[in-house]
Protein chains: 2
Amino acid sequence: MAALAFELQHTDNNSKARAGKMTTDHGEILTPIFMPVGTAGSVKAVNQQQLERDIKAQIILGNTYHLYLRPGTNILEEAGGLHKFNGWNRPILTDSGGYQVFSLAENRKLKEEGALFQSHIDGSRHLFTPENVMDIQRSIGADIVMAFDECTPYPCEYAYAKKSMELTHRWLDRGFKHFYDTPDKYGYSQNLFPIVQGSIYKDLRVASCEYIASKGAVGNAIGGLSVGEPEEMMYEFTELCCGHLPSEKPRYLMGVGTPWNILECISLGIDMFDCVMPTRNGRNGMLFTSKGVINIRNKKWATDFTPIDDGIDCETSNYYTKAYLRHLFVANEILALELASLQNLTFYLWLVGEARKHIIAGDFRAWKNGMVLRLKQRL
Amino acid sequence: MAALAFELQHTDNNSKARAGKMTTDHGEILTPIFMPVGTAGSVKAVNQQQLERDIKAQIILGNTYHLYLRPGTNILEEAGGLHKFNGWNRPILTDSGGYQVFSLAENRKLKEEGALFQSHIDGSRHLFTPENVMDIQRSIGADIVMAFDECTPYPCEYAYAKKSMELTHRWLDRGFKHFYDTPDKYGYSQNLFPIVQGSIYKDLRVASCEYIASKGAVGNAIGGLSVGEPEEMMYEFTELCCGHLPSEKPRYLMGVGTPWNILECISLGIDMFDCVMPTRNGRNGMLFTSKGVINIRNKKWATDFTPIDDGIDCETSNYYTKAYLRHLFVANEILALELASLQNLTFYLWLVGEARKHIIAGDFRAWKNGMVLRLKQRL
């Protein structure tokens, strides 16, 4: 078992885009990478064979908040960790639960000690602390563990953003200490990433980046963006943070975003992404394709017998037609959710794979500019 | 294009069980066979690749009532039929819509001409007649088309059962005439099966069988059973009907049933089955396995890390554990519906395949008696 390693393989001359390779005890991850979100141990509406063979996912996410409540750490420990429990044998990253406590839980209360909340499932009371969230993620068996933070909303006043960032930094110290005081749970390396906060205040973001960088973690994350601020502001702060985080470590932009968001942020120096958009929007009939965006419920697709997307290497999307998928949505068939999720995730993984090829080929910037225009089109 | 052919390959010495081969223009079907139900052009929660590769389905059903309302015959004709529309290239059988009109539609009214009803989707008014139901099934492109009938409920008074059976017979004459007055729609052979009715009255059932047999169809169906009558009565009438339907033609028992129902009815001379039970009960967490019945929501499975079913050749059921599947159900994950449907359908197809092997091997009866006991067990 060896700590996560990151090899920077290529840096683009005309942008900040990078191609790299992360090595974990569950295998390699070629960056830039998109990580499908498997909230409760399942990437919604697709199975693990599809994730590996069709979508070609290299790493998936789990949500600490959800997995802690259901099935709970006792069952996960008895299974030997989430990889054994759900049969996904490649790397897993877990968030810290902080974001979900504030977006899902009831009667949450923030204290210096941690966050008190009631389960959205049964109202039971729980406390997340920077320490026990490390224990939970160790029990889940994540290859990459995220620090416990407060993700400030947008907009957020300067005073609150500063106070919150300072709390996140104190929590980081506690979490780091606890994490390194405890052993890897299942014989493979678990690795902690700290999270930059600071809302949309440059001095706070720079201060947070420097604090986070000082921890010398094997990778660093940027949180608190894509929470409602204008897209340009998200890019501005992503660029700022990338400039103040070490270049030899992977940079993970949490919760971003649309296909064009991802291309722009790759261009700014981001290596890792996650977002529920491809699965959630897919379940609502919004398809991201290599030719643009499709609302598959629209009447115009009713007799379009062309493949869902023939521009990507996806057996399913090459096989089934837009007309059939529209029918499945209109008729409320479960298969609609699977086909749309498969399309969107396979497209996202295809997109970051293409980005990587163009970074290595040296024509990333021109390719990216063309793709952003193409992918934004409403078909 | 050649009409459906049936070759009786083996008849069991110790029961009425038969092994046969049906040949259609979309391929062969080895009997006895179970046909997964794909109501609206999709076998719920599984895709067509899974149907072919994992479940090993040889023929699937479509429902005329549903497909007529959505997507409608115009779209299906423009696609070139249901096979082209949904990408299932093997045989398809469609029911006649009669059963759904009486179980799903609103304000239905039976007349000599046909059945008036309002759509359960939008309340629109429609008329199904023995003739237009042939047209609709031709447009869907079914390899096997079912006659329009009235399926009597249980219990049903003799007078009504007789009157209804006579109507079904008159409808059959009209349907047959219309069917043979119209050409195959898409260049491959479409074949009409008539349906025996007569509720639970022996004289009616015998009369109906004789009338149906007199049509000389390439296959014959038994309807109006498994509608609430005791299991023993269903077996009794299945045996009676099999005795009065030609042995050189396939016999299809509509809407049956549990795994043990299927084994018992194979033993009585049935060749073809369909039922929503494996998919519908699967979606409710009831698993049929090679070792017995499982309610996967039960707490007892929470830490059972053995495969869902290692007694059948199903990659998915061999791979995922009972504990994981239980978690998916408890957490309301969509993947639960897929894994349970895959298990139940693969098991049903495995079961009829095993029955066939044992019929050919000559030990069907002893094997069947043991399996019925085993499969009924609640685990």
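Can you tell me which residue is nearest to B:Gln49 (Cα to Cα) among those in the range B:76-113 that are open to solvent by 70 Å² or more (accessible area, probe 1.4 Å), among the acidic types (Asp, Glu) and more than 14 Å from chain A (Cβ to nearest Cβ)?
It comes out as B:Glu106.
Take A:Gln137 and tell me if it is buried (at least 17 other Cβ atoms within 10 Å of the Cβ), within 19 Å of the chain's Cα centre (by Cα) and at pLDDT 95 or above.
yes
Can you find a residue in the range B:24-42 that is out of contact with any helix residue (DSSP H, G or I) (no Cβ under 6 Å at 6 or more places or on another chain) and of a type in the set (Gly, Ala, Ser)?
Taking every residue of the range B:24-42 in turn, at least one turns out to be out of contact with any helix residue (DSSP H, G or I) (no Cβ under 6 Å at 6 or more places or on another chain) and of a type in the set (Gly, Ala, Ser).
Please work out if A:Gly87 is out of contact with any helix residue (DSSP H, G or I) (no Cβ under 7 Å at 6 or more places or on another chain) and at positive phi.
no
Give the residues of the range B:268-321 that are touching a Lys or Arg at 6+ places or on another chain (Cβ under 7 Å) and farther than 30 Å from B:Tyr235 by Cα, sorted by residue number.
B:Arg297, B:Trp301, B:Ala302, B:Asp304, B:Thr306, B:Ile308
Give the number of residues within the range A:1-53 that are within 12 Å of another protein chain (Cβ to nearest Cβ) and in a loop (DSSP other than H, G, I, E, B).
Total meeting the criteria: 10.
So that you can scan it fast, the table gives a plain yes or no per residue for (1) β-branched (Val, Ile, Thr); (2) within 18 Å of the chain's Cα centre (by Cα); (3) more than 29 Å from B:Trp260 (Cβ to Cβ):
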{"position": "B:Glu7", "(1), (2), (3)": "no, no, no"}
{"position": "B:Gly20", "(1), (2), (3)": "no, yes, no"}
{"position": "B:Pro71", "(1), (2), (3)": "no, no, yes"}
{"position": "B:Thr94", "(1), (2), (3)": "yes, yes, no"}
{"position": "B:Ser103", "(1), (2), (3)": "no, yes, no"}
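For the range A:284-331, how many residues are open to solvent by 50 Å² or more (accessible area, probe 1.4 Å), of a type in the set (S, T, N, Q), more than 9 Å from every other protein chain (Cβ to nearest Cβ) and in a loop (DSSP other than H, G, I, E, B)?
Count: 3.
Give the number of residues within the range A:56-67 that are within 14 Å of another protein chain (Cβ to nearest Cβ) and farther than 15 Å from A:Asn89 by Cα.
Result for the range A:56-67: 4.
Tell me the residue from B:Tyr348, B:Tyr319 that is of a type in the set (Ser, Thr, Tyr), modelled with pLDDT of 95 or more and over 24 Å from B:Gly255 (Cα atoms), please.
Matching residue, one of B:Tyr348, B:Tyr319: B:Tyr319.
Within the range A:350-366, track down each residue that is free of Cβ contacts under 8 Å to residues at least 24 places away in the same chain, more than 19 Å from A:Asp310 (Cα to Cα) and open to solvent by less than 40 Å² (accessible area, probe 1.4 Å).
A:His358
Counting only residues that are farther than 20 Å from B:Cys151 by Cβ and over 18 Å from the mean Cα position of the chain (by Cα), which one in the range B:240-268 is least open to solvent (accessible area, probe 1.4 Å)?
Per the stated criteria, the residue is B:Pro246.
Check B:Ala361 against each of (1) in contact with a helix residue (DSSP H, G or I) (Cβ under 9 Å, 6 or more places away or on another chain); (2) within 11 Å of chain A (Cβ to nearest Cβ) and name the one condition it does not meet.
Unmet for B:Ala361, out of (1) in contact with a helix residue (DSSP H, G or I) (Cβ under 9 Å, 6 or more places away or on another chain); (2) within 11 Å of chain A (Cβ to nearest Cβ): (2).
List every residue pair whose Cβ atoms lie under 6 Å apart, where the two residues are 6 or more positions apart in sequence or sit on different chains, the first residue falls within the range A:83-110 and is under 17 Å from A:Ser139 (Cβ atoms), and the second residue, located anywhere, is in a loop (DSSP other than H, G, I, E, B) and open to solvent by 60 Å² or more (accessible area, probe 1.4 Å).
Pairs that qualify, where the first residue is under 17 Å from A:Ser139 (Cβ atoms) and the partner is in a loop (DSSP other than H, G, I, E, B) and open to solvent by 60 Å² or more (accessible area, probe 1.4 Å), are A:His83/A:Asn89.
How many residues are under 21 Å from B:Thr316 (Cα atoms), in a helix (DSSP H, G or I) and open to solvent by 30 Å² or more (accessible area, probe 1.4 Å) if we restrict to the range A:54-68?
1
Got at least one residue in the range B:340-349 being touching a strand residue (DSSP E or B) at 6+ places or on another chain (Cβ under 7 Å), among the hydroxyl-bearing types (Ser, Thr, Tyr) and surrounded by 18 or more Cβ atoms within 10 Å (Cβ to Cβ)?
yes
Got at least one residue in the range B:269-278 being within 23 Å of the chain's Cα centre (by Cα), farther than 21 Å from B:Val227 by Cβ and part of a helix (DSSP H, G or I)?
Looking through the range B:269-278, none of the residues is within 23 Å of the chain's Cα centre (by Cα), farther than 21 Å from B:Val227 by Cβ and part of a helix (DSSP H, G or I).
The values are calculated or read from the model by the stated rules, or taken from the named source; none is laboratory data. Remember, it's a predicted structure, so these values are computed and weren't measured experimentally. When we count neighbours, we look across all protein chains shown, and the Cβ atoms used for this are built from the backbone with ideal geometry, even at glycine. Only protein heavy atoms, including side chains, enter the accessible area calculation; ligands, DNA and RNA are left aside. Shrake-Rupley method; radii C 1.70, N 1.55, O 1.52, S 1.80 Å.
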